[in-house]
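Presented below is the structure to which this report refers.
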Amino acid sequence: MPPPRVGVVGVGSLGQHHARVYAGLESVRLAGVFDIDAARADEVAARYGCRAYPSLAALIAETDALSVAVPTVDHHRVAAQALDGGRHVLVEKPISTTLEEADELIALARRRGVTLQAGHIERFNPALDLLRRPVVQPRFVEVHRHGSFSSRSLDIDVVLDLMIHDLDIVLSLDGSEPVQVDAVGVPVLTPRVDIANARLRFASGLIANLTASRVSYEKVRKFRVFAPRTYVSLDFAARAGQVYRLKEKDGQPDIEIEKVDAPEEEPLRRQLEAFVRAARGEAPVVVSGEDGRRALALAHRILADMEKGTHD
């Protein structure tokens, strides 16, 4: 079979990297890009040796699969058009702005028999592999995700912009549903929430405490997991982590340490390779549309609790 033809819709700060990675993959052919900023599309297309298409419809007609990296408010409109055209779609997180939109995308992908993958890139961070090696039953999770202020993604708040990465990971670790949500958040530099904290209790007994900020001077991506006789510390920014396990040595307690330090594998490359395999029917979807919806639903519960708190 010839390699699938892929395209990228939206080649701004994130989408340009989708184009870059696709251009370097032997398993696909980067057919082209589309952006409402035609000059930007021309620039990225020239850089990666593909065509800049004059419209979304034209790009859909010449591709088999698409990455959707447009602003969140446009996720549903663009992804729906591509799915309805029978194209496999990877849509950046959050999958959409509303649960109704997410449901429509999931139903449309199922009806057309195509792949829908949510772009939760941290699922492909090599540091997360440490949580897949041992059989870890998390009892407490502590997360800090801080980033400096950027004009990107100001159409959404910090929960949908940053915290949703970690909500997706926590949900993937625990099969139960959250039974209690306590959250606070405040705007700092924008009219939307810029710093937020959420404490979640799951039916399994897991407690997760998450903080996200986009008004920090330093970039922090720390994810810590506490389990019986096991502590896992992950640094997503450095793509590194450590696992500490309590063992016995010569009848005495002993700490065994396992480390992973910044593998060369780029998370985005791993994500797009997984998308291509799923689109070709060679592997299941790693982060399905349903996964994206579940993370979005929890994000909306957190935002609703914040809103409730402002009126108490």
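Values in this text are rule-based calculations from the coordinates and carry no lab data. Because the structure is predicted, anything quoted here is derived from the model rather than measured. Note: ideal-geometry Cβ built from the backbone for every residue, glycine included; neighbour counts use all protein chains shown.
Key figures for this structure:
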quantity: The chain - charge dipole about Cα centre, Lys and Arg +1 at Cβ, Asp and Glu -1, debye rounded to 20; calculated: 420
quantity: Computed over the chain, Kirkwood Rh from alpha-carbon pairs, angstrom; calculated: 20.4
quantity: Spin-label pair E290/S13, simplified geometry with 7 Å Cα→Cβ offset, distance in nm; calculated: 3.4
quantity: Residue order, fewest to most beta carbons within 10 Å, for S27, S67; calculated: S27, S67
quantity: Extension gain, A38 back to I257 (0.36 nm per residue minus Cα-Cα distance, nm); calculated: 73.7 nm
quantity: Fully extended contour minus Cα-Cα distance, from R110 to S55, at 0.36 nm per residue; calculated: 17.3 nm
quantity: Listed peptides 167-177, 263-273 by packing density, highest first (mean Cβ within 10 Å); calculated: 167-177, 263-273
quantity: Order of M163, M306 under a 10 Å beta carbon neighbour criterion, fewest first; calculated: M306, M163
quantity: Helix 267-279 axis, angle to the chain major axis (alpha carbon atoms, nearest 10°); calculated: 60
quantity: Prolate/oblate/rounded label for the stretch 1-64 (Cα gyration tensor, a/c 1.5); calculated: oblate
quantity: Value of Rg to Rh for the stretch 1-153 (Rh from inverse mean 1/r over Cα pairs, i.e. Kirkwood); calculated: 1.01
quantity: Cross-link reach list, lysines versus K249, counting only Cα pairs under 23 Å and skipping chain neighbours closer than eight places; calculated: K259
quantity: Estimated dipole of the stretch 79-118 in Debye, rounded to 20 [Cβ of Lys and Arg +1, of Asp and Glu -1, Cα centre]; calculated: 240
quantity: For the stretch 184-312, radius of gyration divided by Kirkwood radius, i.e. Rg to Rh on alpha-carbons; calculated: 1.04
quantity: Residues of the stretch 1-33 with amide N under 15 Å of a point placed 7 Å along Cα→Cβ from A46; calculated: none
quantity: Sites T190 and D84, calculated FRET efficiency, Cβ-Cβ separation with R0 35 Å, nearest 0.05; calculated: 0.55
quantity: Rounded FRET efficiency, nearest 0.05, which uses the C-beta distance separating E26 from S204 and R0 of 51 Å; calculated: 0.75
quantity: Options V220, P253, G241, ranked by Cα towards positive dipole end of the stretch 194-312, top entry (Cβ charges); calculated: V220
quantity: Mean Cβ neighbour count within 10 Å, used as a protection proxy, ranking 252-261, 211-220 highest first; calculated: 211-220, 252-261
quantity: Pairwise FRET efficiency - V220 versus Y244, Cβ, R0 = 25 Å, nearest 0.05; calculated: 0.75
